[in-house]
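Here the structure comes first, spelled out in structure tokens, and everything after it is commentary.
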Amino acid sequence: MGKGGGCVPSKRRSRPAPASVDPTNSERDGINNPIQNNTTTPIQDGVVPEVKKLRIFIVFYSMYGHVEYLARRMKKGIDSIDGVEGFLFRVPETLAPEVLEQMKVPMKVDDVPVISVEELVEANGLLFGFPTRYGCMSAQMKAFFDSTGQLWKDQRLAGVPAGFFVSTGTQGGGQETTAWTAITQLAHHGMLYVPIGYTFGAGMFKMDSIRGGSPYGAGVFSGDGTREPSEAELALAEHQGKYMAGIVKRFGQPCSLVPDHSLN
């Protein structure tokens, strides 16, 4: 939290930090693997100093692929910032396979693992992406948040920076309200909501084309499901990744804000 933050050391036990993936090979192969050791070359006497990168988890639900497009571009933005690395994760699907088949939902790519609730505590920052359902997050993402009760009880996510990115079917379908209504999830966990504001500058003011996104976070218009994200929408997602990486670096390795009940 910075000097003089008065933070109380966390009681949670740290897990081993996932190591860095070679960004060249990772980008080429499309593989997201957060469980490799990140070390530098030996400098003297055979000693290998450990280099720990700050980790931002991009946790998303994408039915037809629009949110996933943003997530992958967001990871590119994160990985471009020295000392920070992004990891892609899906939340569990709640619909039956036969229902998804009737809805003509494409098969998911296997290079993105499904995240468990407990893994959230391993991140230094979180970006949640989801499509809208009547101006709110989709049921799949809500079900995932609903399953974080034990983390909420112990306030294990308190102080962690987090942001949102969304997909909507129409221009008035919730580019802002979908993120706005999701802030309650962060508030109860004590997470720190990080909007992008208008930090993308002129790219957020142009009116020459239809584009998603808002001060709340990156966004894409999916239309009837066949429209692909524009370069402007993807560029905003990449910017959000860079922006969040910068915020997480500013926090560094934040200490936990969980109250020490032993002092009561």
Of the residues in the range 207-264 that are among the polar types (S, T, N, Q) and modelled with pLDDT of 80 or more, the one that is nearest to residue 197 (Cα to Cα) is 214
Search the range 234-259 for residues that are farther than 14 Å from residue 162 by Cβ and aliphatic (A, V, I, L, M) and pair each with any residue that is surrounded by 17 or more Cβ atoms within 10 Å (Cβ to Cβ) and modelled with pLDDT under 90 when their beta-carbon atoms are under 7 Å apart and the residues are at least 6 apart or on different chains. 236/213; 258/10
Against the conditions (1) in a loop (DSSP other than H, G, I, E, B); (2) modelled with pLDDT under 90, where does residue 203 fall short? Just the number, please. (1)
Please go through the range 159-191 and give me each residue that is surrounded by fewer than 18 Cβ atoms within 10 Å (Cβ to Cβ) and in contact with a Gly (Cβ under 7 Å, 6 or more places away or on another chain), ordered by number. 169, 181, 190
What do you reckon, is residue 184 at pLDDT 95 or above and either in a helix (DSSP H, G or I) or not basic (Lys, Arg) (or both)? yes
Can you pull out every residue in the range 51-78 that is crowded, with 23+ Cβ neighbours inside 10 Å, over 18 Å from residue 114 (Cβ atoms) and at pLDDT below 95? 66
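Restricting to the range 94-130, and then to whatever is assigned to a strand (DSSP E or B) and small (Gly, Ala, Ser), can you tell me which residue is surrounded by the fewest Cβ atoms within 10 Å (Cβ to Cβ)? Break it down stepwise before answering.
Step one: of the range 94-130, the residues assigned to a strand (DSSP E or B) are 114, 125-130.
Filter once more, so that each one left must be small (Gly, Ala, Ser): 125, 129.
Details: 125: 26, 129: 31.
Restricting to residues being assigned to a strand (DSSP E or B) and small (Gly, Ala, Ser), the top hit is 125.
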From the set of residues in the range 79-93 that are farther than 13 Å from residue 59 by Cα and of a type in the set (Val, Ile, Thr), which is surrounded by the most Cβ atoms within 10 Å (Cβ to Cβ)? 84
Any residue at all in the range 196-207 that's aromatic (Phe, Trp, Tyr) and in contact (Cβ under 8 Å) with a residue 24 or more places away in the chain? yes
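Taking the residues in the range 192-206 that are of a type in the set (A, V, I, L, M) and surrounded by 15 or more Cβ atoms within 10 Å (Cβ to Cβ) as candidates, determine which candidate is farthest from residue 129 (Cα to Cα).
Of the residues in the range 192-206, the ones of a type in the set (A, V, I, L, M) are 192, 194, 196, 202, 204.
Narrowing the set further to residues that are surrounded by 15 or more Cβ atoms within 10 Å (Cβ to Cβ) leaves 192, 194, 196, 204.
On the way: 192: 16, 194: 14, 196: 14, 204: 19 Å.
By that ranking, first place goes to 204.
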When residue 24 is run through (1) β-branched (Val, Ile, Thr); (2) modelled with pLDDT of 90 or more; (3) assigned to a helix (DSSP H, G or I), the failure sits at (2)
Can you name every residue in the range 210-253 that is crowded, with 21+ Cβ neighbours inside 10 Å, in a helix (DSSP H, G or I) and of a type in the set (Val, Ile, Thr)? 248
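I'd like to check something: does the range 157-176 contain any residue that is free of Cβ contacts under 8 Å to residues at least 24 places away in the same chain, out of contact with any Ser or Thr (no Cβ under 8 Å at 6 or more places or on another chain), within 22 Å of residue 225 (Cβ to Cβ) and not in a strand (DSSP E or B)?
Looking only at the range 157-176, we keep the residues that are free of Cβ contacts under 8 Å to residues at least 24 places away in the same chain, and these are 172.
Now narrow it down to the ones that are out of contact with any Ser or Thr (no Cβ under 8 Å at 6 or more places or on another chain): 172.
Now drop any that are not within 22 Å of residue 225 (Cβ to Cβ), which leaves 172.
Filter once more, so that each one left must be not in a strand (DSSP E or B): 172.
Within the range 157-176, one or more residues are free of Cβ contacts under 8 Å to residues at least 24 places away in the same chain, out of contact with any Ser or Thr (no Cβ under 8 Å at 6 or more places or on another chain), within 22 Å of residue 225 (Cβ to Cβ) and not in a strand (DSSP E or B).
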Note down all Cβ pairs under 8 Å where the first residue falls in the range 50-70 and is closer than 18 Å to residue 159 by Cα, the second is acidic (Asp, Glu) and assigned to a helix (DSSP H, G or I), and they're at least six residues apart or on different chains. 55/122; 57/119; 57/122
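The values are calculated or read from the model by the stated rules, or taken from the named source; none is laboratory data. Keep in mind it's a predicted model, so treat the numbers as computed, not measured. Counting neighbours? That spans all protein chains shown, and the Cβs are built from the backbone with ideal geometry, glycine included.
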